[in-house]
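The structure appears right after this line, and notes come after that.
Taken together, the values in this text are just the output of simple stated rules run on the coordinates, not laboratory data. The shown structure was predicted, so the numbers you read here are calculated from the model rather than taken from an experiment. FYI the Cβ positions are ideal-geometry reconstructions off the backbone, even for glycines, and counts take in every protein chain you see.
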Amino acid sequence: MYRVMLIDDEPSVRKHLKIAVDWASLDMEIVGEAESGIEAINTIDEILPDIAFVDISMPFMNGIEFTEIATKRYPDLVIVILTALDDFEYARKCISLPVIDYMLKPVNKVEILETLNRAKKILDDKAKLKKTLEDNDINYEGEFSSIDHITRYIKENYKDSKLNLTSVAQHFGFSSSYLSRKFKQETGKNFVEYLTVCRMRKAMELAKRNVKMFMASSEVGIPDPNYFGKCFKKYTGMSYSEYAQEQKEAQGGEN
């Protein structure tokens, strides 16, 4: 079953795409959503979509920037650009991008089905021809007795907003699927969880120093404050401002 990701800052657009199609009949399922390109880049390793519907106009990282980064790391990812009328000509000018279609909002069911059928054919053809890197990776397994050098690399580079499973795997010469499996086996956490922990620990330090949230989010490699806020609250159980205030009051009580 092919995996589909919806990347758009408008909830109504994502909802429309979810209900407009009988995904199961196409052997597809929606496995993830994101409200910005930054959120998508930070979660794509966990979601691992085969198809992505991407809004061209989003804050902090637009659809074109996302497509450029994502397709370098996932060459087989099938991308459909969603665009409003005002951005349509701009989108069509980006013909060098590996995008299978540019769909004008609001998209209708017939157009979606036509595009999805083309996407399915592309993926089916690639599946027939595609060769996996797993066998090659297994040859390296004897050399991969410790993951310490991988975790050290993450700790040294987590401030890079482009850091993700695929970029790290490529840096060390592994496929992303192999590194994902080995990382979980040896650390007990998946890659995204480990990276998020590194970033949130630093964010907590910055909150204690009363650093503004937008500065802290950029400092830890998540320049989208909305997505940063989600991560921080999930990790600490409170918002960034609440945590900063709590720490300020605690420090005041110690004086």
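Summary of values
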read-out	value
Sites residue 248 and residue 214, calculated FRET efficiency, Cβ-Cβ separation with R0 22 Å, nearest 0.05	0.75
Where labels lie 7 Å past Cα in the beta-carbon direction, separation of residue 234 and residue 68 in nm	2.7 nm
Equivalent ellipsoid dimensions for segment 203-246 as semi-axes, Å, which come from the Cα gyration tensor, largest first	14, 12, 7
Rounded to 10°, Cα long-axis angle of helix 63-73 versus longest principal axis of the chain	90 degrees
The chain: angle of helix 37-47 to the longest principal axis, Cα-based, in degrees nearest 10	80 degrees
Top positive-direction residue, dipole computed over the chain with Cβ charges, set 223, 63, 98	223
Fewest-first ranking of 241, 12, 57, 36, using other Cβ atoms within 10 Å as the exposure measure	12, 241, 57, 36
Residue 18 versus residue 104: modelled label distance in nm, points set 7 Å from Cα along the beta carbon direction	2.8 nm
Inter-probe distance in nm under a simple model that places probes 7 Å from Cα toward Cβ, at residue 167 and residue 1	3.2 nm
Sequence ranges 20-28, 38-46, ranked by mean other-Cβ count within 10 angstrom, highest first	38-46, 20-28
Efficiency of FRET between residue 111 and residue 46 - r from beta-carbon atoms, R0 30 angstrom, step 0.05	0.55
For segment 132-255: relative contact order, % (alpha-carbon pairs under 8 angstrom, 6 or more apart)	22 percent
Fewest-first ranking of 101, 148, using other Cβ atoms within 10 Å as the exposure measure	148, 101
Residue order, fewest to most beta carbons within 10 Å, for 187, 196	187, 196
Value of relative contact order over the chain, rounded to a whole percent, pairs C-alpha under 8 Å and six or more apart	15 percent
Karplus 3J(HN,Hα) series, Hz, for segment 217-233 with 6.51 cos²θ - 1.76 cosθ + 1.60 (x for Gly, Pro)	4, 5, 5, 9, x, 10, x, 8, x, 5, 5, 4, x, 4, 4, 5, 5
The chain, helix-only ellipticity at 222 nm - DSSP H runs n ≥ 4, -39,500 (n - 2.57), divided by all residues, nearest 500	-18000 deg cm²/dmol
Helix 191-208 vs. the chain, principal-axis angle (Cα, 0 to 90°, nearest 10)	40 degrees
Distant alpha-carbon pairs in the chain (separation over 34 angstrom), percent	25 percent
